[in-house]
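Structure record follows, encoded as structure tokens.
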Amino acid sequence: MLKRHIYTSTIANKLLVALCMLLLPLSSFAQVKKMIVEQPDTTPLFKGVQIMADVVGAVQLAVSDYGQYEAGVRVNLKDKYFPVVEIGYGKADHHNDVTQIDYKTSAPYGKIGIDFNVLKNKHDIYKVYAGARYAFTSFKFDVAHPDVTDPVWGTVTPYGGKDIKGRYHWIEAVFGVDAKIAGPIHLGWSVRYKRRMSHKIDEMGNCWYVPGYGKTGSNLITGTFNIMFNI
């Protein structure tokens with residue numbers, strides 16, 4: 001009986017030692033993994049400023065009867081969050097050959113928002129953004145049309161207006177790419193979905209073009225191509 005007890009005890013001890021040897025690597029791996037996960041993010045909060053200018057709006061204004069000049073400043077926080085301010089100046093000088101209506105306006109506009117770097121490696125020299133903007137403009141426009149003659153009574157009724165006041169508020173959903181070219185010079189593009197929040201036109205109903213927003217009633221998806229400079 002004593003030999004059997006000693007033999008059983010020896011096997012139990014060997015099994016216990018083997019089990020501990022198996023669990024020890026798992027415990028060590030868990031501790032290492034925990035240490036890696038709990039390492040703090042040492043990225044500085046402020047990583048610089050980026051100045052950018054849109055090319056699409058300027059080219060559009062040069063080749064058509066409407067467009068805008070737009071520039072902006074993007075602040076880099078931890079390579080992840082990018083508060084943005086954009087300002088621009090929109091213009092239109094349009095003549096409709098069918099209705100014979102002339103429309104003219106020019107005014108500044110402003111946008112404020114934030115972009116998020118959605119890449120897993122946020123420190124890459126290339127960045128992919130998703131973001132949003134709130135935009136606003138207060139503007140005046142002129143509408144001109146030849147006087148309308150009543151075919152029955154022959155009376156002449158003027159049609160048009162000058163310095164008609166308008167205000168527009170809208171939001172933009174943004175998806176964009178930023179690529180480093182050389183040194184501090186970057187190029188990038190963005191696709192934007194615009195949605196009007198509220199507006200007010202003093203008279204004449206709707207307007208043909210809104211500075212910064214674009215043609216009313218047209219495609220709500222627009223784009224930009226930016227030349228950027230990191231500071």
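The values are calculated or read from the model by the stated rules, or taken from the named source; none is laboratory data. This is a predicted model, so every value here is computed, not measured. For neighbour counting, all protein chains shown are included, and Cβ atoms are generated from backbone atoms with ideal geometry for every residue, glycine included. Accessible surface is based on the protein model in full, side chains and every heavy atom, while ligands, DNA and RNA are left aside. Shrake-Rupley method; radii C 1.70, N 1.55, O 1.52, S 1.80 Å.
Rolled with a 1.4 Å probe across the full set of protein chains, the surface gives residue 218 an accessible area near 50 Å².
Looking at region 173-231, the accessible area is 55 square angstrom per residue; that uses a 1.4 Å probe and ignores ligands, DNA and RNA.
Under the classification rounded if a/c is under 1.5, otherwise prolate if a/b is larger than b/c and oblate if not, where does region 89-148 fall, given a ≥ b ≥ c as square roots of the Cα gyration tensor eigenvalues? Note, shape of region 89-148 comes out prolate. Were the residues from residue 119 through residue 42 laid out at 0.36 nm apart, the gain over their Cα-Cα distance would be 25.9 nm. Figure note: 203, 86 ranked by solvent-accessible area, largest first, 1.4 Å probe, ligands and nucleic acids not counted: 203, 86. Exposure check, 1.4 Å probe, all protein chains in place: residue 181 carries approximately 100 Å² of accessible surface. Which of 113, 103, 136 sits farthest toward the positive end of the charge dipole of region 97-144, with +1 on the Cβ of Lys and Arg and -1 on the Cβ of Asp and Glu? In region 97-144, that residue is 113.
Computed with a 1.4 Å probe on the full set of protein chains, the accessible area for residue 197 sits at about 110 Å².
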